[in-house]
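Values in this text are rule-based calculations from the coordinates and carry no lab data. Everything numeric in this text was worked out from a predicted model, so none of it was measured. Every residue, glycine as well, gets a Cβ built from its backbone with ideal geometry; the counts of neighbours run over all protein chains shown.
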Amino acid sequence: MGIVFGDEGKGKVVDFFTPRYDVIARFAGGCNAGHTIIFDGKKFVLRSIPSGIFSENKVNIIGNGCVIAPDLFMDEAGELERAGYSLTDRLHISRRAHLILPTHRLLDRAYEQAKGKNKVGTTGKGIGPAYSDKAARVGLRVGDILSGFDEKYKTLKAAHERILHDLHYDYDLKEVEEKWLEGVEYMRRFHLNDTEIEINRMLDGGKNVLAEGAQGTMLDIDHGTYPFVSSSSTTSGGVCTGLGVAPSRIGEVFGIFKAYSTRVGSGPFPVELFDATGDKIRKIGGEYGAVTGRNRRCGWIDLVALRYAVVINGVTQLVMMKSDVLDDFPTIKACTAYILPDGTQTTDMPYDTAGCKPVYTDIKGWQTDITGMRSEAELPAELKDYIAFIEKALGRPVKIVSVGPDREATIMR
Ligand code: IMP
């Protein structure tokens with residue numbers, strides 16, 4: 001799982017680990033995610049479909065904790081099918097997952113507009129309104145596609161239109177609704193089943209399941225920087241509820257983070273750099289949103305947030321991504337504590353990080369191109385020192401270091 005603000009490179013890590021697993025399962029989020037995978041000179045951005053889809057003989061599951069927009073799902077699946085990947089046998093979707101209606105997307109935008117300068121900066125994909133309806137027990141589920149769909153859809157759509165009307169939000173539903181209904185039909189060709197039973201049977205039969213997180217710990221509805229969060233449980237606890245597996249079934253927890261920090265959307269971000277260094281990280285790291293194209297906010301690594309995420313998720317091993325982005329920095333900074341607005345210092349995640357100032361430790365940069373390196377032995381001493389510093393601060397080993405976007409640019413330690 002991503003253990004900061006998302007965009008850590010989970011797609012690449014899942015794709016890398018896929019050969020060791022039988023099942024790859026998404027447990028939270030939906031088309032707000034954009035998991036990028038690059039191999040053989042091709043680039044794919046997955047939104048709802050698990051990143052194991054490129055390997056033969058793997059079962060890919062969209063679990064009950066996810067939300068699905070049928071029209072966007074049809075686009076995503078169609079692109080993969082056109083690229084030669086057959087999906088219908090290998091992709092199973094929980095009947096308990098909730099549907100994102102076109103009116104959920106409109107509501108997402110209308111609520112954001114109404115919030116003005118306090119907006120969350122959502123991806124505009126209808127995630128929050130869909131999860132709100134789930135919690136309010138009025139949502140439409142994938143299983144509803146198979147029975148009583150028309151009536152349930154009309155009722156929920158009418159309720160949404162009343163709210164949009166009250167918010168004086170102008171919209172034109174016709175075109176997008178047509179495509180959405182086409183997407184609903186398209187979904188019927190997939191295995192729409194009780195994936196929680198399926199997963200538990202496979203676990204009982206000795207199969208290995210890799211749960212693929214979406215977003216990151218600091219965007220978790222409970223543990224993130226509320227209200228500037230997404231609407232699902234993005235942490236390892238969400239694996240249990242979002243797939244229907246017991247806590248005792250969870251083995252290794254891979255905590256994926258970048259060698260520096262980024263955040264998309266609004267909300268406090270103590271390590272944010274507003275200067276040329278932040279711009280340099282953004283440019284070298286290509287830090288522009290995979291889903292929305294927005295500039296990502298950039299900063300140095302935040303060990304306060306990471307330490308918190310290690311605890312909340314029960315991380316057993318760490319995976320450091322995009323290490324090569326820092327190749328050209330003479331000095332790298334690591335935030336080890338925050339100074340709170342009242343002047344006191346803390347290494348614990350505060351209730352509110354707004355107004356917190358980072359306390360940095362300087363670390364010498366390696367100033368070497370590491371993108372061609374493929375073994376631990378080749379890594380520069382300064383990078384090893386940086387990794388050792390992080391391991392000491394977090395009390396967990398960094399087992400994988402990514403040195404480039406390609407599948408091959410991955411070093412196991
Ligand atoms: P929502 O999930 O679209 O409701 O957006 C809520 C917040 O989470 C916004 O700040 C988004 O930018 C952020 N967010 C949602 N999904 C992702 C993601 O996959 N990566 C990074 N940020 C995300």
Packing-ranked peptide list from 132-142, 211-221, highest mean Cβ count within 10 angstrom first, is 211-221, 132-142
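Looking at the stretch 317-398, which chymotrypsin sites (Phe, Trp or Tyr not before Pro) are DSSP coil and have at most 10 other C-beta atoms within 10 Å of their C-beta? Please list the in-between numbers first.
Working: sites: Tyr338, Tyr351, Tyr360, Trp366, Tyr386, Phe389; in loops: Tyr351, Trp366.
Of the chymotrypsin sites (Phe, Trp or Tyr not before Pro), the ones in loops of the stretch 317-398 whose Cβ has at most 10 other Cβ atoms within 10 Å are Tyr351.
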Rg ratio (alpha-carbon, reference 2.2 N^0.38 Å) - the stretch 165-267:
1.46
Please work out, to two decimal places, the log10 of the ratio I(q)/I(0) at q = 0.25 Å⁻¹ from a Debye calculation in which every Cα of the stretch 311-413 carries one identical scatterer.
-1.31
Two-site label geometry, Asp362 and Phe149: point separation in nm, points 7 Å out along Cα→Cβ:
6.2 nm
Can you give the net charge of the other residues whose Cβ lies under 14 Å from the Cβ of Met202, counting K and R as +1 and D and E as -1?
0
Point-to-point label distance, Leu181-Ala159, nm (Cα→Cβ direction, 7 Å offset)
2.1 nm
Could you calculate the contour length gain from Glu272 to Ile339, that is, 0.36 nm times the residue separation minus the distance between their Cα atoms, to one decimal place in nm?
22.7 nm
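Report the antiparallel proportion of the DSSP beta bridges in the chain as a percent, rounded to a multiple of 5. Let's see the in-between values first.
Values: 24 of 52 bridges.
The antiparallel proportion sits near 45 percent.
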Extending each Cα 7 Å along its Cβ direction at Ala114 and Leu203, get the distance between those two points in nm, one decimal.
3.9 nm
Would you compute the Debye intensity of the stretch 77-167 from its alpha-carbon atoms alone, equal scatterers and no solvent, and pass along log10 I(q)/I(0) at q = 0.13, 0.14 Å⁻¹ to two decimals?
-0.55, -0.62
Contact order normalised by residue count of the chain, Cα under 8 Å, 6+ apart, percent
18 percent
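For each of Ile199, Ile339, Ile332, count neighbouring Cβ atoms within 10 Å of the residue's Cβ, then give the residues from fewest to most.
Details: Ile199 25, Ile339 15, Ile332 22.
Final ranking by Cβ density, sparse to dense: Ile339, Ile332, Ile199.
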When the expected Rg is taken as 2.2 N^0.38 Å, what fraction or multiple of it is the alpha-carbon Rg of the stretch 98-252?
1.18
If the viscosity is 1.002 mPa s and the temperature 20 °C, what Stokes-Einstein diffusion coefficient in µm²/s follows for the chain when Rh is the Kirkwood radius over Cα pairs?
98 µm²/s
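Using Cβ contacts closer than 10 Å as the measure, can you line up Lys154, Lys179 from fewest to most?
Details: Lys154 10, Lys179 14.
In order of increasing Cβ crowding within 10 Å: Lys154, Lys179.
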